[in-house]
Amino acid sequence: RWLRRGAPGPGEAPGLSALLELHEVVKRFGGLVATNRLSFHVDKGESLGLIGPNGAGKTTIFSLIMGELRQNAGEIRRNGEEICALPTHARIRKGVSRTYQVPRPFAEMDVAGNIRVGLMPNSLRAMLFGAADEAEERALARSVGLGDAEFHRKPSELSMGDLRKLELARTLATRPEILLLDEVFAGLTTGEIAQISGLLAEKRADGMTFVIVSHDLRSLAPLIDRAVAMTFGAVAAEGGFEDVMNDDAVKAAYLGH
């Protein structure tokens with residue numbers, strides 16, 4: 001039942017290396033079917049691109065994986081373990097985290113405080129009295145391009161590019177094994193995209209796994225091993241980036257020809 005899509009490599013049993021699996025996932029909003037028996041997998045250490053036109057269901061999938069939405073049917077597994085009954089904070093503790101297409105910082109906290117929340121244990125006592133290591137906070141901020149000048153600024157004082165960097169730093173602070181990135185390049189300059197791309201390459205070298213949603217296909221292509229193209233809540237094609245972009249169904253639905 002839990003066979004992955006696509007052929008396994010030489011000597012590899014199907015599905016054994018999958019860090020995350022979605023099987024026949026259905027999500028309805030009233031009469032609208034947002035995901036229609038959607039199935040795909042992400043291998044440990046892989047960088048997967050999730051692409052498709054607006055309304056294809058990409059962000060909905062992230063919300064389902066994180067438990068922010070609950071599916072009507074199907075299963076989601078992390079390292080072979082069914083996680084559909086777990087709340088969001090429990091999924092984060094299992095090493096799954098995400099960024100948002102529209103950044104969601106804590107508006108009353110500065111950059112340091114936002115990062116601190118991710119670094120501290122998930123308990124009320126830690127939130128009230130725990131002390132995080134400022135050096136680690138600064139290192140995380142600097143790793144995404146937020147310098148000392150931004151460290152004590154509130155989100156309202158940051159540019160959109162810096163808000164995206166803060167969103168990434170907050171997510172990295174939870175020490176994820178698999179990171180879901182939703183339009184991480186939106187609003188960034190060419191230089192900032194290169195900086196974030198370099199950071200993601202470093203994190204991947206450290207063993208982190210990614211699922212990346214992006215409409216910036218030029219920036220996305222060098223970062224991924226494989227692409228899954230979605231249309232109308234279902235998988236239209238999957239495989240190497242060039243193969244997927246040359247698929248007739250993807251051209252018709254995603255590229256418009």
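The values are calculated or read from the model by the stated rules, or taken from the named source; none is laboratory data. Here the structure is a predicted model, which is why all the values come from computation and not from measurement. Positions of Cβ are generated from backbone atoms using ideal geometry, with glycine treated the same way; all protein chains shown enter the neighbour counts. Ligands, DNA and RNA are excluded from the accessible area calculation, which covers all protein heavy atoms including side chains. Shrake-Rupley method; radii C 1.70, N 1.55, O 1.52, S 1.80 Å.
Surface calculation, 1.4 Å probe, protein heavy atoms: residue 109 sits at approximately 50 Å² accessible. I'd like the distance separating the alpha-carbon centroids of the range 158-232 and the range 16-78, in whole Å. So the two Cα centres are separated by 18 Å. Set Lys and Arg Cβ to +1 and Asp and Glu Cβ to -1, take the dipole of the chain about its Cα centre, and tell me which of 196, 109, 31 lies farthest positive. My answer, from the dipole projection, is 31. Per-residue ellipticity at 222 nm, computed for the chain from helices alone with -39500 (n - 2.57) per DSSP H run of at least four residues, works out to -8500 deg cm²/dmol. The equivalent ellipsoid that matches the C-alpha gyration tensor of the range 31-165 spans semi-axes of 31, 19, 14 angstrom, in descending order. For the residue pairs 58/165; 27/154; 58/94; 165/251, the alpha carbons lie more than 30 Å apart in 27/154; 165/251. The mean sequence separation of alpha-carbon pairs under 8 Å and at least six residues apart, normalised by the residue count of the chain, gives a relative contact order of 24 percent. A probe of 1.4 angstrom, applied to the heavy atoms of all protein chains, finds residue 248 with accessible area near 120 square angstrom.
Surface exposure of the chain, expressed per residue as accessible area with a 1.4 Å probe, stands at 46 Å².
Whenever you get a sec, compute what percent of the accessible area on the chain sits on carbon and sulfur atoms (1.4 Å probe).
On the way: 6300 of 11920 Å².
Taking all protein chains in place, the chain shows 53 percent carbon and sulfur surface.
Estimated at the nearest 10 Å², the accessible area of residue 190 is 120 Å² with a 1.4 Å probe.
Largest mean-square fluctuation among 75, 177, 134, in a Gaussian network model of the chain whose springs join Cα atoms under 10 Å apart, belongs to 134. Once the gyration tensor of the Cα atoms in the chain is diagonalised, the equivalent ellipsoid follows with semi-axes of 31, 21, 18 Å, ordered largest first.
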